[in-house]
1. Amide H to amide H under 5 Å from Val48: which residues, 5+ apart in sequence or cross-chain, H placed 1.01 Å off N in plane?
2. Leaving ligands, DNA and RNA out of it, report the carbon-plus-sulfur percent of the accessible area of the chain at a 1.4 Å probe.
3. Would you mind getting the Kirkwood hydrodynamic radius of the stretch 1-109 from its Cα pairs, rounded to one decimal in Å?
4. Which far-off residues, 5 or more places away or on another chain, put their amide H under 5 Å from the one on Ala103, with H placed in the peptide plane?
5. Starting at the first residue of the stretch 59-67, write each ³J(HN,Hα) from the Karplus equation 6.51 cos²θ - 1.76 cosθ + 1.60 with θ = phi - 60°, in whole Hz, x for Gly and Pro.
6. Accessible area per residue for the chain in Å², computed with a 1.4 Å probe and the full protein assembly in place, what is it?
7. Quickly work out the Ala40-to-Arg59 label distance, labels modelled 7 Å from Cα along the C-beta direction, and quote it in nm with one decimal.
8. Quick one: how many Å² of Tyr67 are accessible to a 1.4 Å probe, rounded to 10?
Amino acid sequence: FVESDREAAETILRNLDKLKLDGAVVLREDAGRKLAADAAGGRRYDLVLIDPPYAMLARMLPTLAAYLPAVVAENGIAVVESDAREEPDLPLPKRTSRRYGAARVTVFEATR
């Protein structure tokens, strides 16, 4: 998990503990910088979950577009949660986009 906000990171840690999910790591750093570093380092992930504060998504899209395709593994997926009125566009094939009340969940896939 990558979370820049201290309180949110602590909440993630508490939730992981309640769920008894050992082995998870919570990094307190900027998600964009971490994404760029992982892309440069050749790291690949089968699943990437992106849930920024909705007002920040538009600012994050250029960074996501630049680095996300490099970090999503072959046949992996990236899931972006956004405001229901926003449908993010990224340079990955879009599998689906669905509204759930005030939220939208858009799923992208890497099918190299």
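The values are calculated or read from the model by the stated rules, or taken from the named source; none is laboratory data. The shown structure was predicted, so the numbers you read here are calculated from the model rather than taken from an experiment. Heads up, the Cβs are rebuilt from the backbone with ideal geometry, glycines too, and the neighbour counts pull from every protein chain shown. Side chains are part of the model used for accessible areas, which takes the heavy atoms of the whole protein and leaves out ligands, DNA and RNA. Shrake-Rupley method; radii C 1.70, N 1.55, O 1.52, S 1.80 Å.
1. Ile77, Ala78, Val79
2. Answer for the chain: carbon and sulfur cover 51 percent of the accessible area.
3. 14.7
4. When sequence neighbours closer than 5 places are left aside, the close amide H contacts are Ala84.
5. Result, ordered by residue: 5, 7, 4, x, 5, 4, 5, 6, 10 Hz.
6. 64
7. Here the answer is 2.1 nm between the modelled labels.
8. Number for this one is 80 Å².
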